1. Checking the conditions here, which among Thr14, Thr19, Thr48 is touching a residue at least 40 places away in the same chain (Cβ under 8 Å) and out of contact with any Leu (no Cβ under 6 Å at 6 or more places or on another chain)?
Amino acid sequence: MGLDDEKSNTLKQTDWNTTTVISGDVAGRLRELKQQTDGDIQMSGSATAVRWLLAHGLLDVLNLSYVPDAG
């Protein structure tokens, strides 16, 4: 299962500041946003989303955080 399978088909708009809702051709729309955006595009998400972005050549920088389990 990839990001294409997980994208929302119901969310059409949001009131969240600086948020873009993408539907349809997700990879193509992200490429357009990258070309139109002056600055960074940030996201947080699952390993599935990261693998999908890497596979489509859409991830320029990856910052990983590790939180050890104290239990």
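1. That would be Thr48, the only listed residue that is touching a residue at least 40 places away in the same chain (Cβ under 8 Å) and out of contact with any Leu (no Cβ under 6 Å at 6 or more places or on another chain).
Let's see how each residue does on (1) of a type in the set (D, E, K, R); (2) open to solvent by less than 60 Å² (accessible area, probe 1.4 Å); (3) over 12 Å from the mean Cα position of the chain (by Cα); (4) at pLDDT 80 or above:
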position: Lys12; (1), (2), (3), (4): yes, no, yes, no
position: Asp15; (1), (2), (3), (4): yes, no, yes, yes
position: Val21; (1), (2), (3), (4): no, yes, no, no
position: Arg29; (1), (2), (3), (4): yes, no, no, yes
position: Gly39; (1), (2), (3), (4): no, yes, yes, yes
position: Leu53; (1), (2), (3), (4): no, yes, no, yes
position: Asp69; (1), (2), (3), (4): yes, no, yes, yes
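The values are calculated or read from the model by the stated rules, or taken from the named source; none is laboratory data. Here the structure is a predicted model, which means the values were calculated and not measured. Reconstructed Cβ throughout: ideal geometry from the backbone, glycine too, with neighbour counts over all protein chains shown. Protein only, heavy atoms only, side chains kept; ligands, DNA and RNA dropped before computing areas. Shrake-Rupley method; radii C 1.70, N 1.55, O 1.52, S 1.80 Å.
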